[in-house]
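Comments concern the structure below.
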Amino acid sequence: MMQIDVSHCRKCAFCKYWYDPTNSAISPKYPQRGIWEYDHRAKKKCLKTNMEKTAASFCSKYEPKLGQT
């Protein structure tokens, strides 16, 4: 698991198009400060590109699923 500030990241694990309906690859560490943990080795399908991507990947189609801007 890796820690990241979700207000400054564009990782697939935190994108609403990365198909992980149970959010099994992410968990809050210090959510009041925007710090979350994620499994950077997890792989799921991207609903925008229709390709399997790792949680640590990123792309221009990123949209946050946690409500941050």
> HIS40's amide H: which non-local residues (gap 5+, or another chain) put their own amide H closer than 5 Å, with H modeled 1.01 Å from N in plane and none for Pro or chain starts?
Replying inline: MET2
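Order MET2, MET51 by their accessible area, 1.4 angstrom probe, all chains in place, largest first. Let's see the in-between values first.
Details: MET2 85, MET51 110 Å².
Putting MET2, MET51 in descending order of accessible area: MET51, MET2.
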> What are the ³J(HN,Hα) values, in whole Hz, obtained from phi via the Karplus relation 6.51 cos²θ - 1.76 cosθ + 1.60 with θ = phi - 60°, for each residue of segment 17-33 in sequence order, with x given for Gly and Pro?
Replying inline: 8, 7, 6, 9, x, 9, 6, 5, 8, 10, 7, x, 9, 9, x, 5, 9
>> What distance in nm separates the two pseudo spin-label positions at LYS61 and LYS29, each 7 Å out from Cα along the beta-carbon direction?
In response: 2.8
> Could you sort TRP36, TRP18 by accessible area so the largest value comes first, with the probe set to 1.4 Å?
Replying inline: TRP36, TRP18
>> Just to verify a number: what accessible area does GLU52 come out at with the full protein assembly present, 1.4 Å probe, Å² rounded to tens?
In response: 130
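The values are calculated or read from the model by the stated rules, or taken from the named source; none is laboratory data. These numbers come from a predicted model, not from an experiment. So basically every Cβ, Gly included, is an ideal-geometry build from the backbone, and we count neighbours across all protein chains shown. Just so you know, the surface numbers come from the protein's heavy atoms only, side chains and all, with ligands and any DNA or RNA stripped out. Shrake-Rupley method; radii C 1.70, N 1.55, O 1.52, S 1.80 Å.
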